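Values in this text are rule-based calculations from the coordinates and carry no lab data. Predicted, not measured: the structure shown is a model, and the values here were computed from it. Backbone-built Cβ (ideal geometry, glycine too); neighbour counts: all protein chains shown.
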Amino acid sequence: MNISPGAMGKYELRERLGQGGMAEVWKAFDQRLQRFVAIKFMHTALQDDPTFLSRFVREAQAVASLHHPNIVQIYDFESPETGDAEQRAYMVMDYIEGQTLAKYLLTHSRARQFLAPEDLVSLMYAICDAVNYAHQKGLLHRDIKPANILLDQRRTTRNPMGEPILTDFGIAKILGTASGTLTSSAVGTPLYISPEQAMGKDCSEASDIYSLGVILYEICTGTTPFHGDSPLIVLQQHVTAALPAPEEKNADISPELSAVITRALAKNPDERFPTALALAEAVAEALDMVLPVRQSGPISSPDIRELPTLFAQPAIGKSEATELLASAKPAANAQALNDTPVVNSQVAGSSLGVSEPATPTPEASELTTPPQQALPGKAPVAPRERGRQRRNKILVILSAVLLLVLLGSGLGIFWHARSAGNPTSNTQGTANALVGHAFFTSSGDGNGAQNQGINDMFQVQLTNVPAPASGQQYYAWLLPDLVQVEGNPLALGPLTVSGGVATLPSPYMDPQHQNLLNMFSRFLVTEEPANPAPQSPSLDTALWRYSAQLPQKPPLADCQRVVNQLSVLCHLRHLLASDPELARVNLEGGLAYWTYNNVSEVQKWARESMDHNDPTDIRHKLVNILSLLVGPACIAQALRNANPAYDNTPDDSSLPTIGAIPLLSCAQTPNLPGYLEHIHNHLSAMVMSPGVQRDQVTMARSISSELNTISAWLAQVRDDAEQLLALSNAQLMQTQGENLRSKMDSLATKCLSGGTDPASGMLDKGVVSIIGQIQQLATMDVTRYHAH
């Protein structure tokens, strides 16, 4: 296919950004969503490899499921029919404005203008957090290098040089043997490749950590640790040569920082840091710094796969799109989505063969970052924060919130228009004017399994709000349940009012990352003196301006001790905070959290069963999958046809805990429903509860239908795993087993992230999207306060 400017479906190709031996990259305009995107077209020659297209689809689905503010978002992809030599496989991704980290290092570190310690910590933390997130999702990068890190010039608050955005996740795996490198395992760039990759061995998380270590070495010294006249020489140095001491290249590097760099670049993978995040934490400790706050913002644009479906939903009360947007943070500058970028390095140095020049001449416009004279290891800063708790899982609610922010950033204006045109509340039994929404979100900090980091944040957005009287200020409060008459309120802080929109300057975050939904169910805005600030809401209800609450009839003092006749509030707490059946097996966090957690684990093990080459290890992963799907009471039945000649046992020590309740209901325990059925039961009862809102009913019905689809998919994953375990080890590794493992892997990814129905072309939602909808059930409609 000869690509030229012009229309390509809903995209308008504007200009070619670059091309190389593996790909051609274009700047395009999405005419439906009115935003720029970058499209990478794989060269048709790659399709001569008979496994390329299936590998492309499998990896593209997995990469598209990554939602992290420091990983470029894949919006869409297309794979041509097998044998179609004229069509190319392509990916559609976010368009990033800014140069690559490679070009930045060329004009700064190599010119001895090193990053200040606080900027070094911030940069490394952002990159390492992105890599750590992908590793937890079961994905390796395999080709981390500065040329694959874009510096987003639209986001400079945390990193003045531009927020780092990691690109080309999964590309090395997609290219495989077609990449033209030494071996299929040695895909990568010689300057940044790990010793095991250089020797043609399998990659691991430690391989990516080694590449991060090379980048850290280069940032701090201005040069890579190994270089030579040919790629083979560099590869050999990674394997056998002693590491040049970082302090020999830069005498200002402290012994503590040198030790961190040296450990990251250990020849033996087992001697490196256990995780990418551990590397970032070590850098901060070596520099006596505090790690920055994790970014919660989106990559930049709404999810291309979600929007058409949202607008296609039938409107009952507020549409589903409005419900999502009501809980989303509006775009700070909606016009920015249509601004033409000044600089773009989307393709520079990518593993697709589009290469950045070895010694580019910097343009004057790129030399905008002032020289940093402070050198690593020399910063007098605040004492480091020791023993800081870091989460070790990707929290489902964080993914849901990210989706909402993505939607809100592109459709904030639409939400405002809907709010202005819908002056009446959808709450049954009241004619109060709807002025906005208050909603829980999640930071992801803390251990989600202990109910920390889930619903630990709260935000509010009100419209058509007059400015407070002179000397007065609006204050926001969370209040306990109606039955807790002596419960303490929680001060969220003063609201800011601009253009009639009132909101908290930033979402309130609980200092201990407690689940706020477990403690509060009502919201209040008062208008009180600006100085001194009140410690609790005024007892004079004449100063109460706006209020909201989750339906709580019948009023119950303890949702955990009652299993029948629950209020809407209790149903929501079982779903999003704590549930009696979970408590019985010592699990906290709500049904939604553990549904996401366990489906995510199933997807990870399905991917490992596809990627690993040891049949015994693959069997362990298959039994792990079955253990989470059917639970301890039914695992023996699920393994009845497993080939008895082999080791059909699990290998994950957490299974007795996280697998105590199955995802699918087990016939041997009829009184203990699986997670999907349990959620359905709560939704079914909630729509019949007193005071339930029309939008809650509409969304609950939609979620219930989507859960049926997920249940069918997971049942197929279960059947595939059982069939695979019945094979011999030889069959497991041959075409029959490989095809079935690939099918199971694709379906597990679809369960987690969703996909398109090939028959209807409609989007089927995955668990991540469904859990986001469950989160929206806890959104509170805010109305003007009136005394009861």
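Which of Ser470, Ser521 comes first, and how do the rest follow, when ranked by fewest Cβ neighbours within 10 Å? Show your work: numbers first, answer last.
Details: Ser470 6, Ser521 26.
So the residues, fewest neighbours to most, are Ser470, Ser521.
Would you mind calculating the gained length between Thr657 and Met733 on full extension (0.36 nm times residue separation, minus the Cα-Cα distance), in nm to one decimal? Before the final figure, lay out each step's value.
Working: separation 76, 0.36 × 76 = 27.36 nm, distance 3.09 nm.
Taking Thr657 through Met733 to full extension adds about 24.3 nm, to one decimal.
Run the simple label-point estimate for Asp202 and Asp647 please: 7 Å along Cα→C-beta, distance reported in nm.
With each label point 7 Å from Cα toward Cβ, the separation is 1.3 nm.
Within 11 Å, Cβ to Cβ, of Ala642, how many net charges do the neighbouring residues add up to if Lys/Arg are +1 and Asp/Glu are -1? Don't skip to the answer; put the middle values down first.
Working: positive: Arg619, Arg640; negative: Asp647, Glu722.
Surrounding charge for Ala642 is 0.
The range 562-640 to the range 63-124: how many Å between their Cα centroids?
33 Å
Quick one: grab Rg to one decimal and Dmax as a whole number for the range 568-753, Cα atoms only, in Å.
For the range 568-753, the Cα radius of gyration and maximum Cα-Cα distance read 17.4, 60 Å.
Around Pro269, under 12 Å between beta carbons, what's the net of Lys plus Arg minus Asp minus Glu among the other residues? Intermediate values should be presented prior to the final figure.
Values: positive: Lys201, Arg263, Lys267, Arg272; negative: Glu196, Asp202, Glu205, Asp208, Asp270, Glu271.
My count for the surroundings of Pro269 gives -2.
Within 10 Å of each candidate Cβ there may be at most 15 other Cβ atoms; applying that plus a DSSP loop requirement, which trypsin sites (Lys or Arg not before Pro) in the range 553-623 survive? Don't skip to the answer; put the middle values down first.
On the way: sites: Arg561, Arg573, Arg584, Lys604, Arg607, Arg619, Lys621; in loops: Arg561.
Taking the range 553-623 and a limit of 15 other Cβ atoms within 10 Å, the loop trypsin sites (Lys or Arg not before Pro) found are Arg561.
Cβ under 11 Å from Val435's Cβ, Val435 left aside: what net charge do those residues give with Lys, Arg +1 and Asp, Glu -1? Could the numbers behind the result be given before it?
Working: positive: Arg545, Arg784; negative: Asp781.
Value of the local net charge: +1.
Can you find, among Gln693, Asn708, Leu664, the residue sitting farthest towards the positive end of the charge dipole of the range 579-711, where Lys and Arg contribute +1 and Asp and Glu -1 at Cβ?
Toward the positive end, the furthest listed residue is Gln693.
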